[in-house]
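Asks: Input: one structure, supplied below.
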Amino acid sequence: MYLVYLMCFFFLFLSLPEDDVDLEALVNDMNSSFESLYTSCSVQTESTPLLHNGQPHRSATYQTQAQPTSPHQRLRRSQPMHILAVRRLQEEEQQYRTSSLPAIPNPFPELCSPASSPTLSSGSLPQCQPSGKYIIKIFSEDGMGKVVEIPADMTARDLCQFLVYKNHCVDDNSWALVEHHPALGLERCLEDHELVVQVQASMTSESKFLFRKNYAKYEFFKNPLSFFPEQMVAWCQETNGTIPPSQLLQNFLNSSSCPEIQGYLYVKEMSRKSWKKLYVFLRRSGLYFSTKGTSKEPRHLQLLADLEDSNVFTVITGRKLHNAPTDFEFCIKPNKVRNEVKELRMLCAEDEQSRTCWMTAFRLFKYGILLYQNYKIPQQRKTLLSHFSAPVRSVSENSLVAMDFSGRTGRVIDNPVEAQSAAMEEGHAWRKRSQRMNILGSPSPLHPSSLSGVIHRTQLWFHGRISREESHKMIHQQGRVDGMFLLRDSQSNPKAFVLTMCHHQKIKHFQILPCEEDGQMFLSLDDAATKFTDLIQLVEFYMLNRGVLPCKLKHPCTTVAL
């Protein structure tokens with residue numbers, strides 16, 4: 001098209017007489033021709049905009065500029081526009097040609113790099129590890145560590161499920177990955193959706209990951225009223241009535257609502273050892289304290305901590321290190337802080353329920369609906385698997401029949417009465433054989449007296465000779481939920497055991513004493529009203545029946561060796 005306009009201009013120039021040539025008129029005519037050409041191209045590109053690497057073409061910015069008034073400006077401006085317009089037309093024509101051609105398969109695919117090859121996208125991968133794998137070391141409760149290689153996009157839930165599978169644990173969706181800072185005396189459970197690699201990047205060389213149980217991670221979804229007392233929730237006080245649990249949780253999860261946690265907290269001043277009691281407010285925007293009593297006016301509020309770039313931690317070093325006024329201490333740690341105690345915001349509550357309320361509300365305000373999705377994913381997965389895990393009897397079990405081998409050849413016992421009598425005779429024969437072996441000095445492994453003293457040591461809920469303080473610490477670390485329990489040896493009576501359990505966030509102890517009846521030893525925790533042959537039978541009974549306990553046994557406090 002450019003050649004056509006040049007030829008027209010050439011013939012026009014030849015047709016004019018030499019003495020009547022007006023150069024300025026010719027220049028104006030040529031500019032008007034080029035401007036008309038550019039305008040037509042611009043209209044076409046407006047209907048079908050061209051993209052260059054996913055962005056609009058630079059020439060589109062010229063369309064909004066004002067038209068030049070000088071002929072020289074129009075001439076100087078029209079020339080590059082014409083070249084760009086012709087170039088865009090050529091690109092459109094080339095694109096149309098390539099799209100209309102049939103796809104030709106690559107005859108040598110093994111010589112080409114795949115789409116996910118590091119040579120094609122080297123800028124998006126870390127330079128130190130081009131494969132996208134990271135080394136993570138995880139420790140168990142006994143201090144033993146295990147090194148695993150994980151991808152960069154692995155979440156805390158995926159890593160826990162991987163460790164459960166590798167260590168043959170029971171996958172009850174209560175395992176958690178704990179971020180532990182021994183130098184600072186802090187730890188917290190990672191949320192299921194958090195990326196492990198990102199969390200590790202904010203940790204020091206002394207910090208480590210722990211793999212342990214946490215039954216209380218989503219317990220507030222099941223019983224929110226016990227986690228959020230009405231006197232601490234400002235919204236509950238304004239309504240002056242009983243708030244249903246579903247409405248309370250909806251108020252926390254709804255981003256358009258403005259719930260607020262309020263109450264007194266002991267706050268440690270920055271770079272000082274003294275504590276000050278302040279009236280504190282926890283909102284979605286952050287943690288504030290009032291400079292004038294309990295006033296909520298904006299001019300009386302000062303920011304203590306930001307929720308977006310911080311995480312809430314439990315202080316595990318005790319009240320002696322920070323000279324805390326109570327034992328219910330927690331901390332808000334900014335993500336940028338690694339090993340500086342001065343920048344930590346140390347807080348202390350009046351009781352355990354208040355500390356749990358503050359820490360739970362912090363998680364809800366920061367993550368919101370993500371926590372509810374993390375809570376629902378295991379339940380949905382369990383519902384899907386329940387359709388395929390129906391108890392089905394095996395083929396060998398269906399084919400079991402009673403046989404009589406007293407004659408030369410065996411026969412099938414068809415009469416059910418005869419089959420039942422044969423089973424009773426077989427049971428008496430086993431008892432006589434075990435008694436005969438006990439008399440000869442070789443106790444049978446099936447005899448109760450030989451197993452009742454040691455069989456409980458193979459159970460995950462039995463922890464041997466640990467102290468009362470160690471049992472308190474273990475239950476506190478794995479979540480103070482109703483029915484959480486463990487069994488241990490009694491330190492005062494070498495023949496007795498102790499059942500340690502949690503109820504209403506309080507830890508209680510029950511002593512299991514031996515008792516004798518008809519020459520046989522039994523175990524009981526209710527003064528021989530209910531007797532058991534071993535600890536396994538006792539635990540199974542109280543998991544089904546409350547008995548003298550405040551509630552049923554539900555969650556065993558277990559540890560796993562990686």
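Asks: Please go through region 277-291 and pick out each residue that is open to solvent by 50 Å² or more (accessible area, probe 1.4 Å) and either acidic (D, E) or under 30 Å from S255 (Cβ atoms) (or both).
Replies: R283, R284, S285, T291
Asks: Considering only region 203-220, I want to know if a residue exists there that is within 20 Å of Q379 (Cβ to Cβ), assigned to a strand (DSSP E or B) and open to solvent by less than 20 Å² (accessible area, probe 1.4 Å).
Replies: yes
Asks: Can I ask one more? Does L549 fit the bill of being closer than 30 Å to F220 by Cβ and assigned to a strand (DSSP E or B)?
Replies: no
Asks: List every residue pair whose Cβ atoms sit under 6 Å apart, with the two residues 6 or more apart in sequence or on different chains, where the first one lies in region 164-177 and is outside the structural domain of Q478 (by the TED database) and farther than 16 Å from Q477 by Cα and the second, anywhere, is among the charged types (D, E, K, R) and open to solvent by less than 90 Å² (accessible area, probe 1.4 Å).
Replies: Close Cβ pairs (under 6 Å, with a partner that is among the charged types (D, E, K, R) and open to solvent by less than 90 Å² (accessible area, probe 1.4 Å)) amount to V164/D171.
Asks: For region 343-374, how many residues meet the condition of being in contact with a helix residue (DSSP H, G or I) (Cβ under 9 Å, 6 or more places away or on another chain) and within 12 Å of L287 (Cα to Cα)?
Replies: 3
Asks: If you don't mind, another one. Looking only at region 161-189, count how many residues are acidic (D, E) and in a strand (DSSP E or B).
Replies: Going residue by residue through region 161-189, those that are acidic (D, E) are 171-172, 179, 187.
Restricting the remaining residues to those that are in a strand (DSSP E or B) gives 179, 187.
The qualifying residues number 2.
Asks: Pick from F497, F532: which is surrounded by 15 or more Cβ atoms within 10 Å (Cβ to Cβ), touching a residue at least 12 places away in the same chain (Cβ under 8 Å) and more than 23 Å from L225 (Cα to Cα)?
Replies: Result: F497 is the single residue among F497, F532 that is surrounded by 15 or more Cβ atoms within 10 Å (Cβ to Cβ), touching a residue at least 12 places away in the same chain (Cβ under 8 Å) and more than 23 Å from L225 (Cα to Cα).
Asks: For I512, all conditions in the list (1) open to solvent by less than 10 Å² (accessible area, probe 1.4 Å); (2) at negative phi; (3) in contact (Cβ under 8 Å) with a residue 40 or more places away in the chain hold save one; what is the number of the exception?
Replies: (3)
Asks: Kindly evaluate F522 against the criterion of being under 30 Å from the mean Cα position of the chain (by Cα) and either of a type in the set (F, W, Y) or closer than 24 Å to G318 by Cβ (or both).
Replies: no
Asks: Could you check, for region 499-518, whether at least one of its residues is polar (S, T, N, Q) and modelled with pLDDT of 90 or more?
Replies: So in region 499-518, the residues polar (S, T, N, Q) come out as 500, 505, 511.
With modelled with pLDDT of 90 or more added as a condition, the list becomes 500, 511.
Yes, because at least one residue in region 499-518 is polar (S, T, N, Q) and modelled with pLDDT of 90 or more.
Asks: Just wondering, is there one or more residues in region 466-484 that are at pLDDT 80 or above and of a type in the set (S, T, Y)?
Replies: Yes, the conditions are met somewhere in region 466-484.
Asks: Got a sec? Which of S255, S202, S285 is among the hydroxyl-bearing types (S, T, Y) and either touching a Gly at 6+ places or on another chain (Cβ under 6 Å) or closer than 29 Å to I138 by Cα (or both)?
Replies: Step by step, each of S255, S202, S285 is checked, and only S202 is among the hydroxyl-bearing types (S, T, Y) and either touching a Gly at 6+ places or on another chain (Cβ under 6 Å) or closer than 29 Å to I138 by Cα (or both).
Asks: When only residues in region 315-347 that are open to solvent by 80 Å² or more (accessible area, probe 1.4 Å) and among the basic types (K, R) count, which is nearest to H181 (Cα to Cα)?
Replies: This residue is R338.
Asks: Count, please, the residues in region 410-442 that happen to be outside any helix (DSSP H, G or I) and either at pLDDT below 75 or of a type in the set (G, A, S) (or both).
Replies: 4
Asks: For region 265-276, check the following and say yes or no: at least one residue is among the aliphatic types (A, V, I, L, M), open to solvent by 10 Å² or more (accessible area, probe 1.4 Å), under 24 Å from G318 (Cβ atoms) and in the same structural domain as T360 (by the TED database). Working first, answer last.
Replies: The initial filter retains those residues of region 265-276 that are among the aliphatic types (A, V, I, L, M), namely 265, 267, 270.
So of that shortlist, the ones also open to solvent by 10 Å² or more (accessible area, probe 1.4 Å) come out as 270.
Then keep just the ones that are under 24 Å from G318 (Cβ atoms); that gives 270.
From the residues that got through so far, the ones that are in the same structural domain as T360 (by the TED database) too are 270.
Within region 265-276 (the criterion being among the aliphatic types (A, V, I, L, M), open to solvent by 10 Å² or more (accessible area, probe 1.4 Å), under 24 Å from G318 (Cβ atoms) and in the same structural domain as T360 (by the TED database)), the answer is yes, since at least one residue qualifies.
Asks: Taking the stated definitions as given, is V312 over 24 Å from the mean Cα position of the chain (by Cα) and open to solvent by less than 30 Å² (accessible area, probe 1.4 Å)?
Replies: So V312 does not fit the description; no.
Asks: Ok, one more. Given the condition within 24 Å of Q231 (Cβ to Cβ), polar (S, T, N, Q) and either assigned to a strand (DSSP E or B) or not assigned by the TED database to the domain that holds V197 (or both), answer yes or no: does some residue in region 292-301 qualify?
Replies: Yes, because at least one residue in region 292-301 is within 24 Å of Q231 (Cβ to Cβ), polar (S, T, N, Q) and either assigned to a strand (DSSP E or B) or not assigned by the TED database to the domain that holds V197 (or both).
The values are calculated or read from the model by the stated rules, or taken from the named source; none is laboratory data. What you are looking at is a predicted structure, and each value in this text was computed from that prediction instead of being measured. Note that each Cβ is placed from the backbone with ideal geometry, even for glycine, and that neighbours are counted across all protein chains shown. Areas reflect the complete protein model, heavy atoms only, side chains present, ligands, DNA and RNA absent. Shrake-Rupley method; radii C 1.70, N 1.55, O 1.52, S 1.80 Å.
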